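Before any comments, here is the structure.
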Amino acid sequence: MEAIIKKNKKSEFWLQMGINALIILWIYTAGSKLIDLDDFKRQLAFQPLGQIVNSALFILLPGVEILTSVLLVIRKTRLPGLFLSALMLIAFTVYVLLVLTGYFTKVPCSCGGVLKSLSWKNHLIFNMVFLAINLIALYKTHVKKGGDGK
């Protein structure tokens, strides 16, 4: 019985570390955009997604990143936060894959901070690591709550 309790505490610790890493990721990415809004806007202007989408991203993206981190911090909203986080990581990873396959002719990175200094291959690895952390945390949180998310 004692071994099971230790295993559960260890599993809970690693789950919380993964969630903490996601919280830091979203706070950092939102913060780096908000600290240098002019650079973020300039980078978005070079995105091949069209002016309307770029304008919407300028307004929505930092807010959604902050919302995601808040949802992850609050235990009662953690599961929706993990879903939102996973959706954003999937979208960003698909974008990086499209860049790497040459789908886009212009390939600026509007991430901000140290993330924009990564090569596209390193960015893909970075995104996939965080997506894996996210999916594991999502699974563990969903299973822990009995599979119904309540």
Please give, to one decimal in nm, the separation of the simple spin-label points placed at I35 and K9, each 7 Å out from Cα toward the Cβ.
3.7
Check: in the stretch 2-144 the Lys pairs 8 or more apart or on separate chains whose Cα atoms fall under 27 Å apart number 23
If I stretch the segment between A91 and W120 completely, what's the gain in nm (0.36 nm per residue apart, minus their alpha carbon distance), one decimal?
9.0 nm
Could you list log10 I(q)/I(0) for the chain at q = 0.08, 0.19, 0.21 Å⁻¹, which the Debye formula gives when each Cα is one point scatterer?
-0.26, -1.17, -1.35
Scattering curve values for the stretch 1-77, log₁₀ I(q)/I(0), Debye with Cα scatterers, q = 0.23, 0.24, 0.27 Å⁻¹:
-1.00, -1.04, -1.14
Remind me, relative contact order of the chain in percent, using alpha carbon pairs under 8 angstrom and six or more residues apart?
30
Using a 10 angstrom Cβ neighbour count of at most 14 plus a DSSP loop assignment to flag exposed chymotrypsin sites (Phe, Trp or Tyr not before Pro), which longest range of the chain is free of such sites?
47-102
Using only DSSP helix segments of four residues or longer, with each worth -39500 (n - 2.57), what per-residue ellipticity at 222 nm results for the chain after dividing by its residue count and rounding to 500?
-26500 deg cm²/dmol
Angle between the chain longest axis and helix 120-144 axis [Cα atoms, degrees, rounded to 10]:
30
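Bear in mind that the values in this text are calculations on the coordinates, not laboratory data. Since the model is a prediction, treat every value here as computed from it, not as a measurement. All Cβ positions, glycine included, derive from the backbone under ideal geometry; neighbour counts span all protein chains shown.
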